[in-house]
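No lab work stands behind these numbers, since they all come straight from the coordinates. Predicted, not measured: the structure shown is a model, and the values here were computed from it. Cβ coordinates were reconstructed from backbone atoms using ideal geometry, including for glycine residues, and neighbour counts include every protein chain displayed.
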Amino acid sequence: MFKISTIIPIYNDEKYLKNCIESVINQSFGFENIQLILVDDKSLDKSFSIAEKYQKKYPNNIIIRQLEKNSGNGGVPRNTGIELAEGKYLTFSDADDFFDKDAFKIMYNAIEEKQADFVTTNWIYADDKGNPWEKPVFDLDKFDDFKLDINDYDKTFYVMNSSMCNKIFNREFINKYNIRCLENIPGEDTYFSMKAFLNAEKIYYKKDITYFYRQRNTSYKTASVSWNCSKTFFVGMSQAYRKVYEEFVNHNQVEFYRFLYARNMTYLLYRFIDSSRLKDEERLEILQELRWFFKLSFTLKVPPCQKSLMMLLKKITNGEYKDAIDICKIIAEIRTFMSPDIRHKMAKPYDEMYKEILRKKLNS
């Protein structure tokens, strides 16, 4: 049996796919210990033929599958890969990203030593050419190796990100709780990671950098995080967020969910504000669909990142959608004069905000 099965969904990734595959083949852990599963989501470029060449070269280690039709996100190919996996542990990658050469050795040793359900690690952004940024996502001085605890709203919240790609999972644990990605809607990896988090008994963080997250113009990830989103995207996000929220409610962990909500709410609101492709009729339908989500701001006592957005939230939750749309247009116009960096930072909660949430305990 393979020690690790690595699952990579592919869609129009011919420019980056070789780099990703070779980062798995050239692991110091030894490729003979690895099963590589490549699932093509009906690519329109040469991605599938690239995968076929590698499979012919390594027939004992590489499985490829091509879906009958494009699914629109990474959920279906990832789930397909899980069903094909034979390894004791599971890792995941996007086809335009790549692993550090020692990633599998680090993750395998950690999960074996701790007998954990899963281990999450540090990671770093890279530019389009694969050159890493200066600093990793998690501060090396602030976060050392530790065991995650859902009652720890300090360290655990910060390192428990939604990505599946900087983690190694025990496959038996994943199958025991039937943990799978959402299919055909955005947020598939958030649901998977958070369901794993809620069901796991032993989770550990390793501060080693194991994964390089490439910033590029076209991929699953940039399609999903584009600020100029369609009505379909927002309806899909509403469905995904509802499922994530229900998981936390069912596990009686709403206190922890408040921090996750703080991370998502203002971000989604600004994506709605900045989406110039939406018609007013579509905006109205989206606000009706997402009203439940924005009402949670008051139920959970979680304010938006800027106090100036409170009026907008009140308009939405009161069903005053026309006024809300007019306010969105004014904010969108102002934001066109800001740099992309500033616009993105506005959607991220700051440390003091998290402390304020912690002070405002829910009654029940």
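Please give the peptides 330-339, 88-97, 277-286, 237-246 ranked by average Cβ packing (other Cβ atoms within 10 Å per residue), highest first, as a rough proxy for protection.
On the way: 330-339: 11.3, 88-97: 25.5, 277-286: 15.3, 237-246: 18.8.
My ranking of the peptides, most packed first, is 88-97, 237-246, 277-286, 330-339.
Go through 141-149, 75-83 and give me the packing order, highest mean Cβ count within 10 Å leading.
Working: 141-149: 12.8, 75-83: 22.2.
So the order, starting with the most tightly packed, is 75-83, 141-149.
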Computed [θ] at 222 nm, helices only, for the chain once each DSSP H run of length n ≥ 4 contributes -39500 (n - 2.57): -14500 deg cm²/dmol
Using alpha-carbon coordinates, inclination of helix 103-114 to the longest axis of the chain, degrees: 80
Over 21 Å between alpha carbons, listed pairs Lys53/Lys167; Lys279/Lys329; Lys3/Lys176; Lys243/Lys329; Lys206/Lys348: Lys53/Lys167; Lys243/Lys329; Lys206/Lys348
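Would you work out if the range 300-364 is rounded, prolate or oblate? Take a ≥ b ≥ c from the square roots of the eigenvalues of the alpha-carbon gyration tensor; rounded if a/c is under 1.5, else prolate when a/b is larger than b/c, oblate otherwise. Don't skip to the answer; put the middle values down first.
Values: a/c = 4.12, a/b = 1.26, b/c = 3.28.
Oblate is the answer for the range 300-364, as a/c is 1.5 or above yet b/c matches or exceeds a/b.
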Folded to 0 to 90 degrees: helix 75-84 orientation relative to the chain principal axis, Cα: 30
Among beta bridges that DSSP assigns inside the chain, antiparallel share in %, nearest 5: 30
Acute angle (nearest 10 degrees) that the helix 47-57 long axis makes with the longest principal axis of the chain, alpha-carbon atoms: 30
